[in-house]
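The values are calculated or read from the model by the stated rules, or taken from the named source; none is laboratory data. No experiment lies behind these values; they were computed from the predicted model shown. All Cβ positions, even for glycine, are placed from backbone atoms using ideal geometry, and neighbour counts span all protein chains on display.
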Amino acid sequence: MSSNLHAAHAWMDFSAGARDHETLRTRQVIFRESQWRQIDRIPEGAIEDITISRWEDSRSSSSHVTTTPDDRYFIGIALKTTRAKLTRDRQVIFEGTMPAGTLYVTAPSKSLGVQFQSPCAFLHVHISSDQLPAHLVATDGLNDLVLLRDPLAAELAKALIEHGDATDQHFARCIGQTLAMHLTRMELPRARVNALPKWRLRRVEQYVAEHFHRCISLSELANVAGLSRMHFAAQFRAATGYRPREYLLHHRTEHAKTLLATTERPLAEIALAVGFSTQAHFSTVFKRISGKSPARWRLASKGEQLTVEAPARRRPLADRDWIASAAA
């Protein structure tokens, strides 16, 4: 990641004078969207060949339709896990879970509809067709591309969000150029794996919800779905964005969060209750997924509750709700 950002900085145009540079620094860089993929109140002259915006919606469900401008590619990067259905002309392009770090691309002049089935947050990058090779523009080689968990895209989005208001136009432009180069160099998928049918997915989700506290093997889940291990693993990932083992670990982590926030049970006891054999393994997995150790997460959770005038006891997550907040 560091080498990519160093390369991005190398593209910066340092020919601008100090006054021009200061103007770029004070200009708003990441615009808020009043509607999905629609930026309002852009200052005159601020539209560049790379424009960045942010969309957040706390509602449990919402629907939107929009058309990409005829001279731009649209790139969305999920900042948190959500469930979504992408459609065009009644044809489903994608349906399932979009983990944090998911990248999807729409070509110019293309209409796209979306149904979000949980709260969502996205960073949107609008890139001029001039920034991409002519053969991709001519063939729509990047149209309707959905990549679940693209590591570089996730890191680039994180770099922009972490800079916040301190982000300047040069840095944002370099991030956009790095993303454009990444898209042109990646190997595009040659075949699309069918997602696990909903009725099979529901059976697996219910089975995990009822047995997450003990060891569950891949063969066991494949049997529940009625498929071979290989076909089940591929179709499950296409439907959810998670490998089966990773899904199970996220499920355990979310239940652990509920216990951490609503009880005073010791960490070792919570680890065993949600299916980990040791507290050490529980702590390692929990920190990797949530970004904090169980102890720190519990303290932060208690602090948040104290800021609410009449704190309500957290309700346990419904079986199908847990994944929507896994990467929050």
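Is it fair to say ALA271 is surrounded by 22 or more Cβ atoms within 10 Å (Cβ to Cβ), closer than 23 Å to GLU205 by Cβ and either not hydrophobic (A, V, I, L, M, F, W, C) or not assigned by TED's automatic domain parsing to the domain that holds GLY96 (or both)? Spell out the reasoning first.
Working: surrounded by 22 or more Cβ atoms within 10 Å (Cβ to Cβ): yes; closer than 23 Å to GLU205 by Cβ: yes; either not hydrophobic (A, V, I, L, M, F, W, C) or not assigned by TED's automatic domain parsing to the domain that holds GLY96 (or both): yes.
So ALA271 passes the test.
Scan the stretch 232-247 for residues that are touching a helix residue (DSSP H, G or I) at 6+ places or on another chain (Cβ under 8 Å) and either over 22 Å from GLU95 (Cβ atoms) or surrounded by fewer than 18 Cβ atoms within 10 Å (Cβ to Cβ) (or both) and jot them down.
Matches in the stretch 232-247: ARG243, ARG245.
Within the stretch 217-254, count every residue that is free of Cβ contacts under 8 Å to residues at least 40 places away in the same chain, part of a loop (DSSP other than H, G, I, E, B) and not basic (Lys, Arg).
4
Which residues, counting only those in the stretch 274-305, are under 24 Å from ARG245 (Cβ atoms), surrounded by fewer than 16 Cβ atoms within 10 Å (Cβ to Cβ) and hydrophobic (A, V, I, L, M, F, W, C)?
Result: ALA280, single match.
Considering VAL224, VAL285, VAL193, which residue is among the hydrophobic types (A, V, I, L, M, F, W, C), at pLDDT 90 or above and closer than 24 Å to THR82 by Cα?
When all the criteria are applied, what remains is VAL285.
Can you tell me which residue is modelled with the lowest pLDDT among those in the stretch 119-140 that are small (Gly, Ala, Ser) and either on the phi > 0 side of the Ramachandran plot or assigned to a strand (DSSP E or B) (or both)?
Taking the candidates together, the pick is SER128.
When the residues of the stretch 79-104 are narrowed to those that are part of a strand (DSSP E or B) and free of Cβ contacts under 8 Å to residues at least 24 places away in the same chain, which ends up surrounded by the fewest Cβ atoms within 10 Å (Cβ to Cβ)?
Of everything passing the filter in the stretch 79-104, GLN91 is surrounded by the fewest Cβ atoms within 10 Å (Cβ to Cβ).
Does ALA280 satisfy the condition of being over 25 Å from the mean Cα position of the chain (by Cα), closer than 29 Å to LEU145 by Cα and aliphatic (A, V, I, L, M)?
Values: over 25 Å from the mean Cα position of the chain (by Cα): yes; closer than 29 Å to LEU145 by Cα: no; aliphatic (A, V, I, L, M): yes.
Considered against the rule, which asks whether it is over 25 Å from the mean Cα position of the chain (by Cα), closer than 29 Å to LEU145 by Cα and aliphatic (A, V, I, L, M), ALA280 comes out as no.
Looking only at the stretch 102-117, how many residues end up being out of contact with any Asp or Glu (no Cβ under 6 Å at 6 or more places or on another chain) and either over 19 Å from ASP71 (Cβ atoms) or assigned by TED's automatic domain parsing to the domain that holds ILE289 (or both)? Quick ask: steps written out before the conclusion?
Residues of the stretch 102-117 that are out of contact with any Asp or Glu (no Cβ under 6 Å at 6 or more places or on another chain), as a first pass: 102, 104-106, 110-117.
Within this subset, residues satisfying the condition of being either over 19 Å from ASP71 (Cβ atoms) or assigned by TED's automatic domain parsing to the domain that holds ILE289 (or both) are 102, 104, 113-117.
Matching residues across the stretch 102-117 total 7.
Determine which member of the set THR262, THR284 is free of Cβ contacts under 8 Å to residues at least 24 places away in the same chain and among the polar types (S, T, N, Q).
THR284
Given the conditions (1) over 25 Å from ARG83 (Cα atoms); (2) in contact (Cβ under 8 Å) with a residue 60 or more places away in the chain; (3) not basic (Lys, Arg), which single one is not true for ILE270?
For ILE270, the exception is condition (2).
Count, please, the residues in the stretch 164-190 that happen to be over 17 Å from LEU147 (Cα atoms), assigned to a helix (DSSP H, G or I), at pLDDT below 85 and of a type in the set (S, T, N, Q).
Residues flagged as over 17 Å from LEU147 (Cα atoms), assigned to a helix (DSSP H, G or I), at pLDDT below 85 and of a type in the set (S, T, N, Q) within the stretch 164-190 amount to 1.
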